[in-house]
Amino acid sequence: MDYDKALDTALQRLHDEGRYRTFIDIERRKGQFPHAVWRKPDGSEKDITVWCGNDYLGMGQHPVVLAAMHEALDATGAGSGGTRNISGTTVYHKRLEAELADLHGKEAALVFSSAYVANDATLSTLPKLFPGLIIYSDELNHASMIEGIRRNGGAKRVFRHNDVAHLRELIAADDPAAPKLIAFESIYSMDGDFGPIAEICDLAEEVGALTYLDEVHAVGMYGPRGAGVAERDGQMARVDIINATLGKAFGVFGGYIAASAKMVDAIRSYAPGFIFTTSLPPTVAAGAAASVAFLKTEEGQKLRDAQQLHARILKMRLRGLGLPIIDNGSHIVPVHVGNPVHCKMLSDMLLEHFGIYVQPINFPTVPRGTERLRFTPSPVHDSRQIDAVVKAMDQLWGHCALNRAEASA
């Protein structure tokens with residue numbers, strides 16, 4: 001086989017479909033986010049504003065977080081030195097897990113190298129703990145949940161997005177005595193819509209199923225202490241396993257689950273994705289713990305309020321231009337484009353001509369025909385930066401509409 005030719009064909013296919021992904025080389029500068037510097041391929045530099053980051057609250061540059069990381073670095077050095085089972089558990093890891101358990105009102109928490117790994121490792125391990133387990137998965141669940149469920153070798157059922165009636169039908173068709181788990185998200189990041197947590201918990205209690213909730217895009221952002229949508233809605237105690245990240249609103253790195261002490265102990269003891277992975281550096285664990293603790297406070301609530309305000313303002317102003325905003329009430333601002341080539345063109349022009357960085361979201365992250373730009377306002381975006389986005393989109397949207405018309409003629 002001509003391996004190089006096969007690689008060329010595969011890569012060219014992405015280019016032809018307009019969904020080849022390029023890395024934008026940016027340099028964040030402490031205390032200046034969302035300002036950053038774009039290092040162009042030709043070696044030149046351009047000042048830009050980041051509008052697609054997941055550091056939703058700017059905690060990646062918060063003095064409380066940085067101070068904690070400096071302290072841990074000076075005290076311990078760079079890495080953890082091993083897996084959690086072999087020399088890689090420190091006081092910083094234990095402190096972080098205690099903060100997370102407290103945040104979600106659970107007995108225990110377990111930190112992984114990412115929320116992807118936490119989902120994959122946990123969901124692929126659960127059938128080992130509950131033989132015959134059937135997992136019911138929302139069709140729009142994150143790729144990490146899908147992969148974990150696929151790899152576990154057990155039975156799975158996929159229910160239509162947020163359709164509790166369909167979920168009930170699938171459960172009714174299965175053995176009532178079989179162990180069951182319902183896996184879903186609190187906020188689906190591409191459309192910014194919410195999962196029906198209370199209704200799913202009602203059904204789970206009725207049929208004796210466990211619940212597994214991904215709060216990745218909600219932790220830090222919702223609830224009086226930033227525990228997520230389940231906290232905001234008063235449903236947190238009803239969820240058996242909560243998965244979330246330390247790399248978005250908390251501004252650092254890593255993922256975790258929070259559950260009963262017995263559940264966490266079992267996952268810790270059986271999940272290869274946890275057992276055989278080097279633990280987070282103590283500096284990262286220290287920064288994450290400081291961020292979680294800070295966002296539980298009134299000062300954290302001020303950041304959440306400011307973020308929600310900026311998201312509402314941006315949605316209102318873009319909608320006022322007649323742009324197709326997908327607004328499901330969350331902090332995420334998707335603008336539907338519907339064509340991968342035009343989506344990439346808009347992204348490139350925003351960056352090159354206006355210094356606005358928003359990455360195109362194409363298949364397979366979203367279904368074909370639903371390509372979009374996904375803006376993520378934060379408390380540290382100011383009114384002038386919002387003005388700049390609105391003016392740029394007003395200019396470019398008409399230009400792209402003309403191109404679409406010419407292409408279809």
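Heavy-atom accessible area for VAL252, with the other protein chains in place and a 1.4 Å probe, reaches approximately 30 Å². Quick check: the angle from helix 261-270's long axis to the longest principal axis of the chain, C-alpha only, nearest 10 degrees? Taking Cα atoms only, the helix is inclined about 80 degrees. Both radii are taken from the alpha-carbon atoms of segment 40-122; with Rh as the Kirkwood radius, Rg/Rh is 1.06.
Sorting GLU199, GLU185 by accessible area puts them as GLU199, GLU185; the probe is 1.4 Å, largest comes first, and only protein heavy atoms count. Both numbers refer to the Cα atoms of segment 196-281; Rg and Dmax are 14.0, 42 Å. Scanning the chain for trypsin sites (Lys or Arg not before Pro) lying in DSSP loops with no more than 15 further Cβ atoms inside 10 Å, the longest uninterrupted stretch between such sites is 161-367. What angle do you read, to the nearest 10 degrees and between 0 and 90, between the alpha-carbon axis of helix 282-295 and the longest principal axis of the chain? Result, in degrees: 80.
Per-residue SASA remark: VAL380, around 50 Å² accessible (1.4 Å probe; ligands, DNA and RNA not included).
Legend: P(r) of segment 83-226 from all alpha carbon pair distances, 5 Å bins from 0, whole percents, reading 2, 9, 18, 20, 21, 15, 9, 4, 2, 0.
Could you tell me which of rounded, prolate or oblate describes segment 258-409, using a ≥ b ≥ c as the square roots of the eigenvalues of the alpha-carbon gyration tensor, with rounded for a/c under 1.5 and, failing that, prolate when a/b is larger than b/c and oblate otherwise? In terms of gyration-tensor shape, prolate.
The coefficient of translational diffusion for segment 9-154, derived via Stokes-Einstein from the alpha carbon Kirkwood radius under 20 °C and 1.002 mPa s, stands at 109 µm²/s. Taking N as the residue count of the chain, its C-alpha radius of gyration divided by 2.2 N^0.38 Å amounts to 1.02.
Taking a cut-off of 19 Å between Cα atoms, list the lysines near LYS262, but don't count ones fewer than 8 places away on the same chain. Within the straight-line cut-off, LYS262 pairs with LYS94, LYS106, LYS128, LYS180. Directionally averaged projected area (segment 227-343, Cα convex hull): 10.8 nm².
Between ASP102 and ALA155, the modelled label-to-label distance comes to 4.2 nm, taking each label 7 Å out from Cα in the direction of the beta carbon. Here is how the number arises for the chain: DSSP H runs of 4 or more residues each give -39500 (n - 2.57), the sum is divided by the residue count, and the result at 222 nm is -14000 deg cm²/dmol. Of the whole protein surface, HIS336 contributes about 60 Å² of accessible area at a 1.4 Å probe radius.
Normalised Debye scattering of segment 81-154 at q = 0.12, 0.16, 0.22 Å⁻¹ gives log10 I(q)/I(0) of -0.43, -0.73, -1.05, counting only Cα atoms as equal scatterers and leaving out solvent.
The H on the amide N of ARG157, modeled in the peptide plane, is under 5 Å from the matching H of ILE135, TYR136, SER137, each at least 5 residues off or on a different chain. The angle separating the long axis of helix 340-354 from the principal Cα axis of greatest extent in the chain is about 70 degrees.
The values are calculated or read from the model by the stated rules, or taken from the named source; none is laboratory data. Given the structure is predicted, the values throughout are model-derived calculations rather than measurements. Every residue, glycine among them, receives a Cβ derived from its backbone with ideal geometry; neighbour counts consider all protein chains shown. Side chains included, ligands, DNA and RNA excluded: accessible areas come from the protein's heavy atoms. Shrake-Rupley method; radii C 1.70, N 1.55, O 1.52, S 1.80 Å.
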